[in-house]
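One structure is given here, and the rest of the page talks about it.
Derivation of every value follows stated rules applied to the coordinates shown; laboratory data play no part. Predicted, not measured: the structure shown is a model, and the values here were computed from it. Backbone-built Cβ (ideal geometry, glycine too); neighbour counts: all protein chains shown.
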Amino acid sequence: MGVSEPNAGSGDRPGPRHVAIIMDGNGRWAQARGRPRLFGHHAGAKRVREIVECCPDLGVKYLTIFAFSTENWKRTQVEVAGLMSLFRRYISKEMNALAAQNVRVRFIGDRVRLDAKLIDLMDKLECNTAGNDGTHLTIALNYGGRDEVARATKRLAQDVAAGKLDPEKVDEETLPRYLDTHVLPDPDLVVRTSGEARISNFLLWQSAYAEYEFIDTLWPDFSKEELGRLCTNYGKRDRRFGAVKT
């Protein structure tokens, strides 16, 4: 999809309609407390609920969170197995609450490497919340921006080969229709926690005109107040999308 229009935020300033978050720092948060990394991941999962719940008050209609990347398989088998177990428990535990809060949940990413039980839970959560029209929560699981573009390009090429798509008509508006996020507006604001200043292969195509915030707060300490401050900061930025201010 194209660049999304900002919504009315706090006061008379425009706020971000779609916020995407790279939730980083769980492991360091746990290690600073002398606990195993998985302890931090559990704390981070609990933080997600608070952030989802505060979105309506901040005027955030779409929230996309980076839960597990295609590169995260490089971590130890113990941590990966623990994360997959956490995802299964999180979905099972939060399914009814998310549905009751009118949250629409989607998952993006390649499901091929995920286990059958987790995929079934993901499908069930998407199905159970499909009719909701409140906050749209998108969870990036086994997701990578380059992988997404490669998969999208493959599907586009298959349609060209099948005669369903004229290659002469392929332009920058064509590829987004094949991306995992084709039903979502582009993110207005991308936040990365934990002090790292890189985007780590997250929403590469979609974030071409997003505003970025790199903050020192570790994800388990990230609060609704801090998100509110970031949304206010966004409203102060001059977004020209390549044009000259007149």
Restricting things to alpha carbons, find the Rg to Rh ratio for the range 174-236 using the Kirkwood radius for Rh. 1.01
What range in the chain is the longest one free of GluC sites (Glu not before Pro) that are in a loop by DSSP and have at most 10 other Cβ atoms within 10 angstrom? 1-171
Beta bridges by DSSP in the range 7-235, antiparallel share as percent, to the nearest 5: 5 percent
For an R0 of 30 angstrom, estimate the FRET efficiency from the Cβ-Cβ distance between residue 77 and residue 151 and round to the nearest 0.05. 0.70
Which helices of the chain meet both criteria: a Cα extent of 20 Å or more along the helical axis and a mean Kyte-Doolittle score no lower than 0.0, with helices taken as whole DSSP H segments? 77-100
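How big is the charge dipole of the range 7-235 about its Cα centre, in debye rounded to the nearest 20, if each Lys and Arg gets +1 on its Cβ and each Asp and Glu gets -1 on its Cβ?
Dipole size: approximately 960 debye.
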Expressed as cubic angstrom per residue, what is the convex hull volume of the alpha carbon set of the chain? 139 Å³
Centroid-to-centroid separation of the range 197-215 and the range 95-112 [C-alpha atoms, Å]: 22 Å
Furthest towards positive pole of dipole, 153, 54, 175, structure part the chain, Cβ charges: 54
Here the gain from full extension of residue 124 to residue 198, 0.36 nm per residue of separation minus their alpha-carbon distance, amounts to 23.3 nm
Could you state the per residue volume, in Å³, of the convex hull enclosing the Cα atoms of the range 11-119? 127 Å³
I need the calculated FRET efficiency for the pair residue 49 and residue 211, taking r as the beta carbon distance and R₀ as 35 Å, to the nearest 0.05. 0.90
